[in-house]
1. Quote to one decimal, in nm, the extra length available between GLU139 and TYR21 on full extension: 0.36 nm per residue of separation minus the C-alpha distance between them.
2. Taking only the Cα atoms of the chain, how large is their convex hull per residue, in Å³?
3. Can you tell me the relative contact order of the chain? Whole percent, Cα pairs under 8 Å, sequence separation 6 or more.
4. Work out from phi, with θ = phi - 60° and the Karplus expression 6.51 cos²θ - 1.76 cosθ + 1.60, the ³J(HN,Hα) of each residue of segment 73-79, listed in order in whole Hz, and give x for Gly and Pro.
5. Can you compute 3J(HN,Hα) from phi for each residue in segment 8-22, using the Karplus curve 6.51 cos²θ - 1.76 cosθ + 1.60 with θ = phi - 60°, rounded to whole Hz and x for Gly and Pro?
6. Give me the distance between the Cα centres of segment 87-110 and segment 6-23, rounded to whole Å.
7. Counting Lys and Arg as +1 and Asp and Glu as -1, what is the net charge of the other residues whose Cβ lies under 9 Å from the Cβ of GLU13?
8. May I ask you to give the percent of accessible area on the chain that is carbon plus sulfur, with a probe radius of 1.4 Å?
Amino acid sequence: MRAAGWQVFRQTEVTEPMYGYGDLAVLKELPVQRFLVTSGFRRLQESKVRALDFADWFAGIYIDALDEPNRRGKHGFFQDILGAHGWRPDEVLVVGDNPDSEIEAGNRLGIKTIQVLRPGVPPSDRATRQIRGLLELKEIL
């Protein structure tokens, strides 16, 4: 069953436009380089990026693909981004909602972390700061 489910998820993709949260467009207005680091099945994650039509808002998109061997994880991708740009951890922010994923990875690298408290996302004391929406990032930056 698990193997059959895994194969189905590997082939799953979004084929209709997605619109995301209403404040998503704030990202393209932020005066910083932005990188999307996401985890999931590669085909599904790539199709979500296409469906949201926002790939050009990011300087780079990194997928921690669950269905591929030798995963780097978000921690590894964050390290890659820091190294490629010669940035120190105190020069960047990690913004996300999951304290067990991107927040943890950012913290392990000494990067300030901002947790976005979307509906159903409980606040975590592991994040450096919490915000209720992306508009608040304009005030922080």
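The values are calculated or read from the model by the stated rules, or taken from the named source; none is laboratory data. All values reported here derive from a predicted model rather than from experimental measurement. Positions of Cβ are backbone-derived with ideal geometry, glycine not excepted, and every protein chain shown enters the neighbour counts. These accessible areas exclude ligands, DNA and RNA; they are computed on the full protein's heavy atoms, side chains included. Shrake-Rupley method; radii C 1.70, N 1.55, O 1.52, S 1.80 Å.
1. The GLU139-TYR21 span can extend by a further 40.6 nm.
2. 128
3. Relative CO of the chain lands at 19 percent.
4. x, 4, 4, x, 5, 4, 4
5. Each residue of segment 8-22 in turn: 5, 5, 5, 9, 6, 8, 8, 10, 10, x, 10, 10, x, 6, x Hz.
6. What the calculation gives is 25 Å, centre to centre.
7. Result for the local shell: +2.
8. That share works out to 51 percent.
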